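The numbers here are math on the coordinates, done by the rules we state, and not lab data. All of these numbers come straight from a predicted model, not from anything done at the bench. Cβ: placed from backbone, ideal geometry, glycine included. Neighbour counts: every protein chain shown.
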Amino acid sequence: MTIVDELQALRAQALASIEGASASDALEQVRVNVLGKSGSLTAYLRSMGSVPKEQRAEVGKTLNLVRQAVEGTLDRKKAALEAEELEARMAAGAVDITLPGRAQQVGTRHLISRIQDEISEIFLGLGYNVVPGNEIETDYYNFEALNTPADHPARGMQDTFYVVDRSGDKAAVRGESDVLLRTQTSGVQAHVMESQKPPIYIIAPGKVYRRDVADPSHLPQFNQVEGLVVDEGITFGDLKGTLEYFTQHMFGEDRRTRLRPHYFPFTEPSCEGDVSCGICHGEGCRFCKGTGWVEVFGAGMVDPNVFGYAGIDPEKYSGFAFGMGVERIACLKYNVPDLRMLLTGDMRFLRQY
Ligand code: DAH
């Protein structure tokens, strides 16, 4: 076999390997095997010097032709494989441009926050200040300073979540801890009366917690707005007028208020306040349980004992206080039949407001 024959055999073998390569990296391997530093064709190029003179021209010519054939075939195959591979990548990462897009939902304030702000606006307009409070409260401020000592039966109605510090090895129950999640915003009254001198005109919105099972009109965690006024010459008439003003601004001019005698430990006398039903306008319907009225407020004149805890002279000052449930007000205003609907996060419901 002459060198020329060998070169022709090498050519046939190289071209077959190139055609047989199924991917770019396999093709690259073929290129290295033939044309690389120690490739089969390279070896012939290197040994040209030892080819007998009379054969050199023919061998040289053949070598060049073989090299051109191999390089040309490599280039064509490379382009073909790369095109194939690009197609495959595009098919794998394909995006169906006919699918409808996923729109970003823009958030808004929740109905409860909005109603809370509306309540604040009404009282700010009357010259009240809005004060913050603590959700974790001591027994003293949540009960004791509100004329509700440890053995008072009114505590039982607000049986609550007591907390222990981390060093405690078990959850506290009533009597074992004097720190709790507040059951009412009324404790803010005690804080404010300790730190401010009359005249006091404040409201205090915020979350409260009770060990209640959720039902259409109760939630274990809800929001209240507390109100407190302490000044000279404040009467029950001022309380009534204030609640009426609030009702008409929150629910509309046509709404009426009604006060019923009630009991709260920290006010004397105490009352509950009802608002005329917005659905039946007082006729009586399912929403108001046939009475024409819906309960909204707890209120009363600040008990002199509460002034006593805070060091305010009950002979000089008098005052009133009230509390209202924000979720109930939201439901009353928009005729939502179940408080729990406010917490479900169902966008179809929330988007209506
Ligand atoms: N804290 C009471 C409750 O959660 C509501 C209340 C009643 C607040 C009378 C008051 C008040 O300020 O005077 O049921």
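Legend note: in the chain, cysteines whose Cβ sits 4.7 Å or more from every other cysteine Cβ are CYS271, CYS331. Sort the chain into rounded, prolate or oblate with this rule: let a ≥ b ≥ c be the square roots of the eigenvalues of the Cα gyration tensor; rounded if a/c is under 1.5, and if a/c is not under 1.5, prolate when a/b is larger than b/c, oblate otherwise. Here the chain falls in the prolate category. Comparing mean-square fluctuations of VAL163, VAL95, VAL51 from a GNM of the chain with C-alpha springs under 10 Å, the top value falls on VAL51. Across the chain, the mean sequence separation of Cα contacts (distance under 8 Å, 6 or more residues apart), normalised by length, yields a relative contact order of 14 percent. Is region 170-272 best put as rounded, prolate or oblate by its Cα gyration tensor, with a ≥ b ≥ c the root eigenvalues, rounded for a/c under 1.5, and otherwise prolate when a/b is larger than b/c, oblate when not? It comes out oblate by the Cα gyration axes. FRET efficiency for the pair LYS207 and ALA94, taken as 1/(1 + (r/R0)^6) with r the Cβ-Cβ distance and R0 = 51 Å, rounds to 0.55. Among ASP139, ASP75, ASP303, the residue with the largest mean-square fluctuation in a Gaussian network model of the chain, with springs joining Cα atoms closer than 10 Å, is ASP75. Excluding residues fewer than 8 places away in the same chain, name every one of the aspartates and glutamates whose C-alpha is closer than 12 Å to that of LYS316. List returned: ASP231, GLU232.
Label-to-label distance for SER113 and LYS240 is 3.9 nm, based on points extended 7 Å past Cα in the beta-carbon direction.
Straight-line reach from LYS333: which lysines fall under 21 Å, measuring Cα to Cα and dropping same-chain residues less than 8 apart? Within the straight-line limit of under 21 Å, LYS333 reaches these lysines: LYS207, LYS240, LYS289. Straightening the chain between THR138 and MET48 buys 22.4 nm, computed as 0.36 nm per residue apart minus the Cα-Cα spacing. Taking the chain as a Gaussian network of alpha-carbon nodes connected by springs under 10 Å, the highest mean-square fluctuation of the residues ASP96, ASP231, ASP338 belongs to ASP96. The distance separating the Cα centre of region 219-281 from that of region 329-353 comes to 23 Å.
Straight-line reach from LYS61: taking Cα to Cα under 18 Å and skipping same-chain neighbours fewer than 8 places apart, the aspartates and glutamates in range are ASP5, GLU6, GLU71. For the chain, complete DSSP H runs whose alpha carbons reach 20 Å or more along their own long axis and whose mean Kyte-Doolittle score is -0.5 or higher are 3-20, 111-125, 236-251.
Candidates PRO337, TYR309, LEU243 compared by Cα position along the dipole of region 190-341: farthest toward the positive end lies PRO337, with charges placed on Cβ. If a spin label sat at a point 7 angstrom from the Cα of VAL179 along the line to its beta carbon, the backbone N atoms of region 127-141 nearer than 17 Å would be those of 134-141.
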